[in-house]
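Some notes on the structure that comes next.
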Amino acid sequence: MERTLVIVKPDGVQRGLTGEIISRLERRGLKIVGLKMMQISRELAARHYGVHVGKPFYDGLVNYITSSPVVVMAVEGERAIELVRQTMGKTNPLEAAPGTIRADLAVEIGRNLVHGSDGPQTAEFELGLFFRPEELVSWECSAERWISE
Ligand code: IDP
Ligand code: MG
């Protein structure tokens, strides 16, 4: 079982798409095990996006992610990391497949609505940045056997 970090970015919250984005993940069959609204500080943004330091879009990215509240989620499921990334679509909405969050609801890379961890190590690191262990809830979903055999 995997856990991954999802962020509804400031544009998602401001545009009233939080519910839509959560709903798409829930409908896919993924389970939410942590959820909160918060304002990301510049310090937290710098840790979360540390791998992008020095890239041309870095300053804009930090300004964007700290500009307004976000909704952060811990999402659990078999292969949850890959499933979330596929549901989000490619980073650039113009390259994302129709039916994905970014293709259906966004138009450009700098306002792409949603974040999802890109691998198991990243997921563990990012979940640790955004959630204390006691904020994550392990629970049994009775629909699970209708989602996975
Ligand atoms: P990801 O979010 O799909 O994992 P990354 O390459 O890790 O994409 O980039 C992190 C975030 O940085 C993107 O989601 C997007 O918000 C922003 N970003 C990436 N490349 C660009 C760019 O060329 N211009 C503006 N923003 C970018
Ligand atoms: Mg990334």
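The values are calculated or read from the model by the stated rules, or taken from the named source; none is laboratory data. All of these numbers come straight from a predicted model, not from anything done at the bench. Positions of Cβ are backbone-derived with ideal geometry, glycine not excepted, and every protein chain shown enters the neighbour counts. Protein only, heavy atoms only, side chains kept; ligands, DNA and RNA dropped before computing areas. Shrake-Rupley method; radii C 1.70, N 1.55, O 1.52, S 1.80 Å.
Report the chymotrypsin sites (Phe, Trp or Tyr not before Pro) located in segment 35-106 that are in a DSSP loop and have at most 12 other Cβ atoms inside 10 Å of their Cβ, or state none. Numbers along the way, then the final one.
Numbers: sites: 49, 57, 58, 64; in loops: 49, 57.
In loop regions of segment 35-106 (DSSP not H, G, I, E or B), the sparsely surrounded chymotrypsin sites (Phe, Trp or Tyr not before Pro) are 57.
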Name the GluC sites (Glu not before Pro) in segment 88-148 that are in a loop by DSSP and that have at most 12 other C-beta atoms within 10 Å, would you?
95, 108, 140
With a Förster radius of 35 Å, plug the Cβ-Cβ distance of residue 138 and residue 14 into 1/(1 + (r/R0)^6) and report the FRET value to the nearest 0.05.
0.65
Once every DSSP H run of n ≥ 4 in the chain is given -39500 (n - 2.57) and the sum is divided by its residues, what mean residue ellipticity at 222 nm do you get, rounded to the nearest 500 deg cm²/dmol?
-10500 deg cm²/dmol
Considering only protein heavy atoms and a probe of 1.4 Å, how much of the accessible area of segment 69-149 is carbon and sulfur, as a whole percent?
52
Candidate residues 31, 36: accessible-area rank, largest first, probe 1.4 Å:
36, 31
Would you mind calculating the gained length between residue 124 and residue 37 on full extension (0.36 nm times residue separation, minus the Cα-Cα distance), in nm to one decimal?
29.4 nm
Please give the per residue accessible area of the chain, computed with a probe of 1.4 Å over protein heavy atoms only, in Å².
56
Given R₀ = 41 Å, FRET efficiency for residue 149-residue 67 by Cβ-Cβ distance, to 0.05?
0.40
